[in-house]
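Below is one structure; the comments refer to it alone.
Read-outs throughout are calculated quantities, based only on the coordinates presented, and are distinct from any laboratory measurement. These numbers come from a predicted model, not from an experiment. When we count neighbours, we look across all protein chains shown, and the Cβ atoms used for this are built from the backbone with ideal geometry, even at glycine.
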């Protein structure tokens, strides 16, 4: 028994001596740190990235709110509006709306729209519906309605329709000002009459002015995206990954490719859409207007008109009966501030006015005869 105990004890002592020698020969600070944390970090990051690229939530929220619009104009009105037809055709080709053509002078086209109220108000592009005498809207659940044209705003290429329905699913407006370049977005619409089509891409740029809306005083502030948009997508939704509306798909850039997508699409920002749509619904027309013709002030104009300022917006003409005339603005006045914001050129002035509703008051600071004057202007519909 003693011999066995001695052997065990000797084994323990020998093991301790061996372990101590090993540690002396291999100090702790020379032993490589475990890589458990690094191994765990990789799949965690991958899971977060994969979750952020899940488009199903946005698609499921958006598709029920996007409608298919069929627009037509009968032969009885074709001759009286032939000039508008030519213009409309150009817009359809350039902006990705539906096709034209029909028997005996009829015109037909199709596009998309987005439901913005439970009682049937729908926003779309002006170029999709402006020419039409008859409008038919098909919902996501395949119900079909005749639609009434409430109003159009050609300067922003927006229009509002109304169908006789209740308890409709509606899109939620997002804040397009906060949308970022590089952010993932979905385009939802009806390209080539392929209903409820969803495509994905990123925001490629913001604030694009591509000079495609051929209206005096046109407002272009497009969001550019590489989400696939084709004829029939016009008026459809551009949404973020939560399904919030950040734009109305309007234009494609397609040089020499027959009007199909080549990687560049453009959408009207949702903040502009919400303002214009609200004014059309409330007042049956577009946003408020100042009622002036303007040009940018530069050094040459300042010398020519003997102005004491080198920037601002020069009033060349005041429209009879307009808001500006009623408020006391005069030709040769130079607008230099609006509501405390410096105005250096016409686009800056238009951007401010576009966000102002009919009846609201703007505080203008103008330079008149080299003196500064404050004038309040209540916007009117024309």
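What is the spin-label model distance, in nm, from residue 355 to residue 146 if the labels are put 7 Å beyond Cα along the C-beta direction?
If labels sit at residue 355 and residue 146, their model points lie 4.1 nm apart.
Efficiency by 1/(1 + (r/R0)^6): what FRET value for residue 296 and residue 119, r their Cβ-Cβ distance, R0 = 51 Å, to the nearest 0.05?
In this case the efficiency is close to 0.75.
May I ask you to sort 127, 68 by Cβ crowding, counting other Cβ atoms within 10 Å and putting the fewest first?
68, 127
Can you figure out the FRET efficiency of residue 138 with residue 337, using R₀ = 41 Å and their beta-carbon distance, to the nearest 0.05?
The value I calculate is 0.25.
Consider just the alpha-carbon atoms of the range 247-379 and return their Rg together with their Dmax, both in angstrom.
Both quantities, over Cα of the range 247-379: 17.8, 55 Å.
Sort 150, 280 so that the residue with the fewest other Cβ atoms within 10 Å of its own Cβ comes first and the one with the most comes last.
By the 10 Å Cβ count, ascending, the order reads 150, 280.
To the nearest 0.05, what FRET efficiency results for residue 206 and residue 370 with a Förster distance of 30 Å applied to their C-beta separation?
For residue 206 and residue 370, the calculated efficiency is 0.20.
State, to one decimal in nm, how far the label point of residue 282 lies from the label point of residue 344, with both points 7 Å from Cα in the Cβ direction.
The two pseudo-label positions are separated by 3.1 nm.
Test of understanding: ordering 289, 63 by Cβ neighbours within 10 Å, fewest first, what list do you get?
63, 289
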